[in-house]
Amino acid sequence: MNHQLSERINSVTPSATLEMAAKARELRASGKDIIGLSLGEPDFKTPDYIKEAAVQAINEGYNSYTPVDGYVELKDAIITKFQRDNGLDYEHPQIVVSTGAKQSLYNVAQVVLDKGDEVILPCPYWVSYSDIVKLADGVPVEVGTSIDTDFKMTPEQLEAAITPKTKMLWYSSPCNPSGSIYSKQELRALADVLQKHPQIIVVSDEIYEHINYGVTAHASMAAFEDMYDRTVTVNGVAKAFAMTGWRIGYIGAPAYIARACNKLQGQVTSGANCIAQRAVITALVESPDRVQYMVDEFKERRKIILELLNAIDGFECNEPEGAFYVYPDITAFFGRTFNGSTINNASDFAMYLLEAANVATVTGDAFGNGNSIRISYAASEAEIREAVARIEAALQ
């Protein structure tokens with residue numbers, strides 16, 4: 001009975017990462033031993049000092065509706081964090097707290113885009129960008145990158161993608177899914193192109209900021225004086241603090257965009273969860289050094305998974321500088337047949353690994369780049385070793 005539904009929802013693709021996770025759960029329920037390397041979810045527990053802040057908030061009686069755009073004390077913590085970590089000065093009216101960074105992104109698209117406005121997305125991009133843009137009647141414009149440029153868009157590519165209809169540029173750094181980080185110099189070169197096109201607003205998704213392996217320093221587009229008034233900086237606590245289920249994200253933005261997001265959110269979800277917000281105050285005010293142990297562990301796992309994958313003929317990996325994914329080019333397997341299954345594309349490859357190796361990954365098609373698959377190493381060393389051994393066996 002699909003014909004009763006709106007064209008809007010019928011045009012939306014389900015999130016590939018969530019879909020793969022659901023398939024993995026189904027197979028597990030049927031008795032299969034599936035190793036899940038599809039979700040971008042740290043396998044650590046939320047740190048105790050953050051949990052204690054939540055317990056304290058419960059005991060102090062926090063249970064009422066929160067301000068739509070977030071508690072003032074949380075905004076203070078976000079302002080402190082932006083100054084300390086990014087050299088960005090925001091004021092209260094420029095901050096909006098949402099139910100996860102995904103809602104932050106959705107809000108921004110809804111308040112900025114009109115029908116037919118184009119949004120440049122360097123590929124690979126995070127799975128939901130394209131559909132969030134479409135839900136706002138915008139047009140995603142994909143700019144293909146490859147492993148040769150470390151999956152980063154060049155200034156020349158940006159210039160070539162801009163048309164009179166271009167309204168926004170969206171990117172993540174560190175990038176989900178490639179782990180690539182744009183250096184300050186690389187961002188400056190993109191900003192120089194954008195200076196010729198003052199109508200373009202930038203969304204800089206920095207949710208993986210703290211998961212950085214020390215090769216390229218984190219840089220924010222809004223830190224350039226000539227980009228500050230046209231950049232929305234999106235962040236949250238899910239990844240660096242192992243708080244995926246707490247659902248708190250936030251933006252620092254030009255005040256007129258923040259006001260509009262507040263207005264929209266007031267009609268959709270209102271304010272985010274009261275206990276989660278109190279816990280996040282502590283997460284942000286404390287030094288990021290307190291979660292460095294997770295980053296150190298991810299770095300160790302990255303080393304292991306790269307060694308193991310590079311030993312399999314046909315996998316070509318770049319070395320991710322941040323986040324917790326590898327994004328190997330797997331085109332060497334296209335056209336080949338394994339155990340009666342022919343691999344024509346990345347989706348076939350990901351499905352084959354799920355069925356033949358019992359390992360859940362995500363097809364690169366979901367990220368706007370069909371030459372790769374995304375493998376999360378937010379899993380134990382034992383799981384990583386077992387998963388890659390299974391993959392290798394399935395590709396004999």
Checked against (1) open to solvent by less than 40 Å² (accessible area, probe 1.4 Å); (2) part of a helix (DSSP H, G or I); (3) under 26 Å from Asn176 (Cα atoms), Pro42 satisfies every condition except (2)
Determine whether segment 325-346 contains at least one residue that is of a type in the set (Gly, Ala, Ser), assigned to a helix (DSSP H, G or I) and surrounded by fewer than 16 Cβ atoms within 10 Å (Cβ to Cβ).
-> yes
Residues in segment 260-287 that are open to solvent by 10 Å² or more (accessible area, probe 1.4 Å) and farther than 19 Å from Leu88 by Cα: how many?
-> 15
Residue selected from segment 362-383 under the condition under 16 Å from the mean Cα position of the chain (by Cα) and within 17 Å of Gly314 (Cα to Cα), by the criterion surrounded by the fewest Cβ atoms within 10 Å (Cβ to Cβ) | Thr363
Just wondering, is there one or more residues in segment 244-258 that are in contact with a strand residue (DSSP E or B) (Cβ under 9 Å, 6 or more places away or on another chain), β-branched (Val, Ile, Thr), modelled with pLDDT of 95 or more and open to solvent by 10 Å² or more (accessible area, probe 1.4 Å)?
-> no
Checked segment 300-324 for anything assigned to a loop (DSSP other than H, G, I, E, B), open to solvent by 50 Å² or more (accessible area, probe 1.4 Å) and within 25 Å of Ile181 (Cβ to Cβ); matches are Glu319
Restricting segment 158-180 to residues that are assigned to a helix (DSSP H, G or I) and more than 23 Å from Glu209 (Cβ to Cβ), the residue that is least open to solvent (accessible area, probe 1.4 Å) | Ala161
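Tell me the strands (runs of 3 or more DSSP E) entirely within segment 185-260 that contain at least 3 residues that are within 24 Å of Lys45 (Cα to Cα). Quick ask: steps written out before the conclusion?
On the way: elements: 201-205, 231-236, 249-252.
Qualifying strands (runs of 3 or more DSSP E): 231-236.
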Scan segment 156-176 for residues that are touching a residue at least 40 places away in the same chain (Cβ under 8 Å) and among the small types (Gly, Ala, Ser) and jot them down.
-> Ala161, Ser172, Ser173
Is it the case that some residue within segment 181-194 is open to solvent by 20 Å² or more (accessible area, probe 1.4 Å), at pLDDT 95 or above, within 20 Å of the chain's Cα centre (by Cα) and among the charged types (D, E, K, R)?
-> yes
Being more than 24 Å from Ile251 (Cβ to Cβ) and surrounded by 12 or more Cβ atoms within 10 Å (Cβ to Cβ) narrows Val12, Val55 down to just Val55
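The values are calculated or read from the model by the stated rules, or taken from the named source; none is laboratory data. Bear in mind the structure is a predicted one, so any value in this text is a computation, not a measurement. Every residue, glycine among them, receives a Cβ derived from its backbone with ideal geometry; neighbour counts consider all protein chains shown. Ligands, DNA and RNA are excluded from the accessible area calculation, which covers all protein heavy atoms including side chains. Shrake-Rupley method; radii C 1.70, N 1.55, O 1.52, S 1.80 Å.
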